[in-house]
1. Restricting region 1-11 to residues that are without any contact (Cβ under 8 Å) to a residue 12 or more places away in the chain and assigned to a helix (DSSP H, G or I), which is least open to solvent (accessible area, probe 1.4 Å)?
2. Provide a single number: the residues in region 12-23 that are open to solvent by 90 Å² or more (accessible area, probe 1.4 Å) and modelled with pLDDT of 90 or more.
3. Just to verify a result, which residue in region 83-99, among those that are free of Cβ contacts under 8 Å to residues at least 24 places away in the same chain and in contact with a helix residue (DSSP H, G or I) (Cβ under 8 Å, 6 or more places away or on another chain), is most open to solvent (accessible area, probe 1.4 Å)?
4. Going residue by residue through region 63-82, is there one that turns out to be of a type outside the set (S, T, Y), part of a helix (DSSP H, G or I), open to solvent by 100 Å² or more (accessible area, probe 1.4 Å) and in contact with an Asp or Glu (Cβ under 8 Å, 6 or more places away or on another chain)?
5. Somewhere in region 24-39, is a residue at pLDDT below 90, open to solvent by 80 Å² or more (accessible area, probe 1.4 Å) and not small (G, A, S)?
6. Consider T41 against the criteria (1) under 13 Å from the mean Cα position of the chain (by Cα); (2) of a type in the set (S, T, N, Q); (3) more than 20 Å from E3 (Cβ to Cβ): it satisfies all of them except one. Which criterion is unmet?
7. What are the pairs, 6+ residues apart or on separate chains, where a residue within region 50-70 that is under 17 Å from L99 (Cα atoms) has its Cβ under 8 Å from a residue that is of a type in the set (A, V, I, L, M) and open to solvent by 100 Å² or more (accessible area, probe 1.4 Å)?
8. Considering only residues that are farther than 14 Å from E20 by Cβ, at pLDDT below 90 and in a helix (DSSP H, G or I), which ones fall in region 83-93?
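The values are calculated or read from the model by the stated rules, or taken from the named source; none is laboratory data. Since the model is a prediction, treat every value here as computed from it, not as a measurement. All Cβ positions, even for glycine, are placed from backbone atoms using ideal geometry, and neighbour counts span all protein chains on display. To get the accessible areas, we keep the full protein, side chains included, count just its heavy atoms, and leave off ligands, DNA and RNA. Shrake-Rupley method; radii C 1.70, N 1.55, O 1.52, S 1.80 Å.
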Amino acid sequence: MTEDLKKWGMNAVMLHNVNEPILHSRIVEILCHLEDIGLETAISSNGQSVKGFIKKLSESKRLPKKLTFRYSIDGGIPEVYEEMRRGGGFQNLLEGLRLMGDF
């Protein structure tokens, strides 16, 4: 099915939704497959699971050559962020931003 995307004239794919794409157990494999068929890839993340994503990247035998990583940040201060992102931690978000920058 993904190969059909190129046939339909698609050049890029943004993985996002209400769910968190970086939690998928095979996300690195999926990103590499999309790249292999000629699609640019981007991920939109709420930033709460970046540590696990970086671990997946670090353990992978192959990495995507190019990946756009977009953060969906619900609020710019801890009180607003944590009210909007129930169960999410503002400090966890900041740590994820720092780790992704270091990766």
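1. Top of the filtered list is D4.
2. Count: 1.
3. Q91
4. For region 63-82, residues of a type outside the set (S, T, Y), part of a helix (DSSP H, G or I), open to solvent by 100 Å² or more (accessible area, probe 1.4 Å) and in contact with an Asp or Glu (Cβ under 8 Å, 6 or more places away or on another chain): absent.
5. no
6. With respect to (1) under 13 Å from the mean Cα position of the chain (by Cα); (2) of a type in the set (S, T, N, Q); (3) more than 20 Å from E3 (Cβ to Cβ), T41 is out only on (3).
7. Listed by first residue and then by second, the contacts come to G52/L23.
8. Answer for region 83-93, where residues must be farther than 14 Å from E20 by Cβ, at pLDDT below 90 and in a helix (DSSP H, G or I): E83, M84.
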